[in-house]
Amino acid sequence: MGPLATHMAVHILLMNLAAPLAAFAVTRVRLQRREIAGWALALATFAQIAALWAWHVPPSLNRALEFPTVHLLMNASLFLTAFLFWRVVLRLHGQRSWQPIVALLITSKLYCLLAVLFVFAPRALYPAFAASHAAHATGAVNATLADQQLAGLIMLVACPVTYVLAGIVIAARWLLTMEKDEAGSRTGAAAWT
């Protein structure tokens, strides 16, 4: 795995594994259940997508590679926005279950779009990235493009595993809840007759 693919794997671990697990743990630990405002999910979704795309613009990523503090800020902001997104997604239940499903689908589409750009770009999008990792050997341009394509493929695998699978789990939970509610209302109606 090249430097860009490794870099993307770290982002995936932060946003698609560490953040949802941390959000799940916090959701389970907190006993207080306050209602979430309708705009919170939209804001969290926008923040996560904006952070993901803003940090993957070549000048931003190059700046993060030049300065360790900017690199730390990049990883921290990606984790924090993903944590907030997953926190809100995991807290919406019942009649509002459709909202996190829509947010997960929108996020996964834009996440996968970035991955597709990595895979099908005709040239390396981050030539400075490879240069900063001493990829000056013969064939470095081809190695850089192959590394970028591998990074995109890793993202394309991680996208459905996290966002789509989470949407399926939420939809299944929502359908089971509706089924139980319907069965309960039938039982209650039968008791009245």
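Just by accessible area at a 1.4 angstrom probe, what is the order of Trp39, Trp86 from largest to smallest? Numbers along the way, then the final one.
Values: Trp39 170, Trp86 10 Å².
Highest to lowest solvent-accessible surface, that is Trp39, Trp86.
Just so you know, the averaged projected area of the alpha carbon convex hull for region 1-108 sits at 7.6 nm². The slack between Thr69 and Leu165, meaning 0.36 nm per residue of separation minus the straight C-alpha distance, is 31.2 nm.
The values are calculated or read from the model by the stated rules, or taken from the named source; none is laboratory data. The structure presented is a predicted model; accordingly, all values stated were derived computationally and were not measured. Ligands, DNA and RNA are excluded from the accessible area calculation, which covers all protein heavy atoms including side chains. Shrake-Rupley method; radii C 1.70, N 1.55, O 1.52, S 1.80 Å.
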